[in-house]
Every structure is written in C-alpha cells, then in structure tokens.
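Data first, discussion second: the structure below is written as structure tokens.
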Amino acid sequence: MTGNGRLPDESQDREFANAVSAAPATILAGMLVFGGVGWLLARWLDVTALLPIFLVLGLVFAGYLVYVRYGR
Amino acid sequence: MSAPHILAKDFEAPGLGLFEWKPLFHIGPFAVAKPIVLCAVVMIVVIAFFWAAFSKPKLVPRGWQNVGEVAYMFVRDEIGRPFLGKDAEKWLRLLIPVFFFVWLGNLMSVVPVAQFPVNSRIAFPFVLAVLIYLTFWAVGIKHQGFFGLLKNATMPPDLPWALYIIVIPIEFVSTFFIRPFTHAVRLFANMFAGHLLIALFATVGFHFLWEKVTPLGFGVGVLGAVLTVVMTAFELFIQAVQAYVFTLLAAFYISAGLYSDH
C-alpha cells in the first residue's frame, strides 16, 4: 500500500486492537466451544466433571491460540 | 448491631432504577423516554456541528471549521489510517459520526439536567455494533468473497494442520458470533458501571451531609462528596477512551473485511 504513510499491518494500533478485541473474543469462544463439547460429553457419559474440565481446557487452549496469533 | 450497620440503617444505595425511565410521550405505538430524547439531541448536535464546520469550507479555515478540522484529523490519523491506510478517507464518513455520537452520548452523563450516558442502555451500542458487523460482512464478501472471508477469518496462517481442527470452530465462533457482543458490551458496561458509581458516591454524600447528618456519618459524607468529584473527572476520561476504543474496533473490523490477514 502506498500513499498515506503507515502500512496497516505494521502499526502498533493493530496490536492494541487485537489485544482489546480479538483476544477476549477468542478466549470466550474457546470456553464456549470446549464448554459445549464438555457439556455434551458430560450428558452422554454421565460424568458431570467433564464440563468444568473442558471449560478450563478451552480457556487454556484459547490462551495458547491468542499467544500464537498475536503474542509472538 | 455494629457502628457501620447503625450508621447506614436508612441509607438506600441506587440500583437498576437509575436506568429505567418512564415514557415522556408517545409517537404512535412508540414510547419515548429520556435516553431516546438524549440520543436525538446528540444526533442533532453532531449533525449541526459538522454542518456549521463544513457546509461552506474555506481554504483558510476559520471559526467552527478550525474545530471541525481538528476533529476530522484526529479520527483520520489516530483511528482511520492505522487500520485502513489509503482507504481511510472513504470510511471517515462512517467513523466520524460513530466516534462523535458515542463520545457525546457518553458525555451526556456529566451534562447537567441530562445526566445520563446514552450508551448505558445496551440498545444504543448494540445497534452501532450490529451496523459495523453488517458492514464487515458486506465489505468482506465484496473484497474476499464469501468463502475467502470464512477462510481468512477462521484459518490463521502458520499453524500445524492438526491444530486447525480445534482452531477453526473457535475462530469461527469468535469472529462471527462473539465479536458484535464484545464490541457493544465493552462500551455499555463501562458507561453503566461508571454511571452507577457516580450515582452511588453522590447518594452517599447527599444522604450523610444533608438527609441525615450525624457526627459519625459526617466523614463518610465528605468522602462521598469528594469521590463524586474524583469519579466524575475519571469518567470524563473513560468516556473519551471508550469512544476511541469503540471507533478503533469499528475501523479494525472493517479492515478485517477489506484485507485478509496474509
């Protein structure tokens, strides 16, 4: 892109936007998706503990995903 | 009963009632309450201001045009260009009204008589967020195609392929479902909480310094009054920051529709 100064991908503002937007949305989505799977498994296998376990797994994985996409 | 219990016996903290307004009048089937009136006032002020500034632009700006140009350049340089580059100018006609509508709507919280942040009713930020969300879809499909948009939004580059099985559903839910909610809720929650806090401290000051003055409660009342002033100053800052963040995210989402990540 030429012309008006800064390139979109190089700016710090983009990192800021990622931090305030994409990161929380990804973490919520991770808990939602994993939590959904955990809830289904908990009902299917009749093991109540699977829901919280999967919620935490989703949180951890989404955190890792945020790190891989925006943190490095 | 302990001293704090006795002290606060008749004190009633403000709650959700602060955000519930009785209709002032009706237009057909629609009940019009204070938030809508304030929303209309903000819209009129924004339109009138930019009309006054730019209806007859001069090469050497004077008066309102001076202020208008500062406002324009702030949104262009701080919000538009970092995300939209050379396309920024074209999108300013959306970003500028959004920024000033949100900011003035928030500012209504500290304007005497108004004293209510428009965006502390979730409907207002939500409508704006949905507008930006639909714009993201429209420009995304136009510039990347429907499947291109889905692929670019859900498949971040440089990941081992096995991870995609888990990454795709998460990114899909995050980009296409959660985004408009976090966009709206961030603004709503900040304005809601800020208004509630100011109201709480003001009520504490009023109750202990006016309604029920006691030697023990006097200090609490002074604390409430001081904190009301401090929190109002802090709110002025938060109102501007939240308007900035809301518009910045709008530019960010539009840029995600315009350009792919790769």
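What follows draws every value from the coordinates through simple rules; no lab data is involved. Treat the numbers as computed from the prediction; the structure is a model and nothing was measured. Quick reminder, even Gly has a Cβ in these numbers, built from the backbone with ideal geometry, and neighbours come from all protein chains shown.
Compute the separation of the alpha-carbon centres of region B:139-161 and region B:57-99 and state it in Å as a whole number.
Distance between centres, Cα-based: 30 Å.
In region B:3-258, what is the count of Lys pairs whose alpha carbons are under 16 Å apart, counting only pairs at least 8 residues apart or on separate chains?
Going through region B:3-258 pair by pair, I get 4.
Taking the inverse of the average 1/r across all pairs of different Cα atoms in region B:112-255, what Kirkwood radius in Å do you get?
Radius from the Kirkwood sum: 18.3 Å.
For Cα pairs less than 8 Å apart in space and 6+ apart in sequence, what is the mean separation divided by the residue count of chain B, i.e. the relative contact order in percent?
Answer for chain B is 25 percent.
Take the Cα gyration tensor of the protein assembly as shown, multiply each eigenvalue by 5, square-root it, and list the three semi-axes largest first, rounded to whole angstrom.
Equivalent ellipsoid semi-axes, largest first: 39, 32, 18 Å.
Calculate for the protein assembly as shown the 222 nm mean residue ellipticity that helices alone would give, adding -39,500 (n - 2.57) per DSSP H run of length 4 or more and normalising by residue count, nearest 500 deg cm²/dmol.
Per the formula, -22500 deg cm²/dmol.
How big is the shadow of the Cα convex hull of chain B, averaged over all directions, in nm²?
21.2
Could you work out how far the C-alpha centroid of region B:242-262 sits from that of region B:217-239, in angstrom?
For region B:242-262 versus region B:217-239, the Cα centre distance is 35 Å.
Fewest to most neighbouring Cβ within 10 Å: what's the order for B:Trp103, B:Trp51?
B:Trp51, B:Trp103
With 10 angstrom as the radius, rank B:Met191, B:Met108, B:Met43 by how many other C-beta atoms surround their C-beta, starting from the fewest.
Ranked by crowding around the Cβ, least crowded first: B:Met43, B:Met108, B:Met191.
Give the Cα extents of region B:1-152 along the principal axes, in whole Å, largest first.
Each principal axis gives a Cα extent; for region B:1-152 these are 67, 49, 43 Å.
Can you sort B:Ser255, B:Ser55 by how many other beta carbons sit within 10 Å, fewest first?
Fewest-to-most ranking of B:Ser255, B:Ser55: B:Ser55, B:Ser255.
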